[in-house]
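> Shown below is the structure under consideration.
The numbers here are math on the coordinates, done by the rules we state, and not lab data. Note that the coordinates shown come from a computational prediction; the quantities given were computed from them, not determined experimentally. Cβ coordinates were reconstructed from backbone atoms using ideal geometry, including for glycine residues, and neighbour counts include every protein chain displayed.
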Amino acid sequence: MSGAAIPLACIGNWPYLNPMVQPISTQVRMMAAAPRQGRVASVIVWSAAGLGAVAVLGAAALWFHYGTTVFFEMIAAGISACF
């Protein structure tokens, strides 16, 4: 590369500049509506939501049955096993 800078916006570079100087289109294009999601995807999402709800309800039931002490002891035992 030479040390001399070549300006892009000079009179000799019109073939380069002409495509860049185009009017902005003001036409509003309508986007097509998104296709509906398939039945399989819906079943997967609802199954995951149901499984998550069952897990949360199960944890809450165990919490109320055994109390908070058991859960805190399990967490403390897990932390002590790591260190």
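> Using the basic label-point model (7 angstrom from Cα toward the beta carbon), what is the T68 to C82 distance in nanometres?
Result for the modelled spin labels: 2.1 nm.
> Mind listing the phi-derived Karplus ³J(HN,Hα) values for the stretch 38-54, rounded to whole Hz, using 6.51, -1.76 and 1.60 with θ = phi - 60°, and x for any glycine or proline?
Running phi through 6.51 cos²θ - 1.76 cosθ + 1.60 with θ = phi - 60° gives x, 5, 5, 4, 5, 5, 5, 5, 5, 5, 5, 5, x, 5, x, 5, 5 Hz.
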